[in-house]
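Asker: Dropping the structure in here first, questions after.
Laboratory data are not the source of any read-out in this text; all were calculated from the coordinates shown. If you're wondering where the values come from, they're calculated on a predicted model, not measured in any experiment. Cβ atoms come from the backbone with ideal geometry, glycine included; neighbour counts cover every protein chain shown.
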Amino acid sequence: MLTRRRVLLAGAAAVGAAGTAGVLAVGGGEEAVRPAAPVPGAQARPALNSSAYRLQPLTGYGPPRAAPRRTLVRHKPLLRVSGRGRTMVLTFDDGPDPRYTPAILDTLAEYDVRAMFFVCGEMVADHPDLLTRMADEGHVVGNHTWSHPLLTRLTRRQIRHQMERTSDVIEDAYGDRPQWFRAPYGAWNRTVFQLGAELGMEPLAWTVDTLDWRMPGTRTIVNRVEHGAAPGVVVLAHDAGGDRSQSVRALRTYLPELLDSGYHVTVPRRHYA
C-alpha cells in the first residue's frame, strides 16, 4: 500500500514527464462569480459559470515579444515556474478576507513558507492590514483586478481602470506595486497582456486547479494538490469569494505533506523587468 509520501513522489515523476509535451490544459475554471462593483461604462452582464473557461498556455519560457513603445509583452501567461529541485508555488485568489486569510497566513507562518496572493482591489480597500501582514511575512501580492470582472468583455479603458486602480491600492497597503497579475476566470486576451506589461506586471496562470470554490470537501482538495504535485507546479486555491473553510483546512494537511515529501514551496522570480 502506497504511503502519501510515495504517492506524491509518483505524481511528481508523472507530471514532470508530461510537462515536456509542450501544451498543458489547466483545470476547468477558476472560481464562482460573486457580485462585483460596477465598472465605469460597463454594461450589465449575466452571471458566469467559471467552468466555461479553460487555459491551454504553452509551457516553457521563450523570449517575450516586443510591443509598441518597447513594452515587453508576454502573450501567454506563465504556467509553470522555474527553480532548482522540487519547487512548487501556492497561490490564493480573491482576497483578502478576514474570515479566512489570517488562518492561511498562520499556517504558512507555522511552516515558514511563502505564497502568492492575487488580491482584488475592493477587498484590499476594506482590509489593508492583511496586505501589511503579507508584506511583513514575505509573501508576494499580485493584481487580480478591482472587482473580478470578465476582462474580455470590457473595453481597453475599463480593463486599465480595473488593473491600475488595484495596483494603486496594493501599493498603499503593501508598500510596493504588484509585479504579477492574474486575469479573473483565467480569461486573457491581447489587450490584457499589453496593459499588464505597461503597468509593469507579468501574467501567471496555474497548473493545478483545486476547484476549492466548488466546496468539494477538504479531502478532495488535498488529493488534488497531492496528485498534481510536481516540480514547477503552480497551485490555484482561494482565500475569499465564498466559504473557504475547506481551503483553510486542506492547506493544514497538504502543506506539511508536501514539505515532508521534499518539495520546496516558494514564490517565483520575474523573468524580465
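Asker: Over the Cα atoms, compute the radius of gyration (one decimal) and Dmax (the largest Cα-Cα distance, rounded to a whole number) for the range 204-273, in Å.
Answerer: 12.6, 40
Asker: Can you list the HN-Hα couplings for the range 254-263, worked out from phi with the Karplus curve (6.51, -1.76, 1.60; θ = phi - 60°), rounded to whole Hz and with x for Gly and Pro?
Answerer: For the range 254-263, the Karplus curve yields 6, 5, x, 6, 4, 5, 5, 8, x, 7 Hz.
Asker: OK, next. By average Cβ neighbour count within 10 Å, what is the ranking of 100-112, 131-143 from highest down?
Answerer: On the way: 100-112: 17.6, 131-143: 19.9.
With the highest mean Cβ count within 10 Å placed first, the list reads 131-143, 100-112.
Asker: Can you compute 3J(HN,Hα) from phi for each residue in the range 107-119, using the Karplus curve 6.51 cos²θ - 1.76 cosθ + 1.60 with θ = phi - 60°, rounded to whole Hz and x for Gly and Pro?
Answerer: In residue order, the calculated couplings are 5, 4, 5, 4, 9, 6, 10, 9, 9, 10, 10, 8, 9 Hz.
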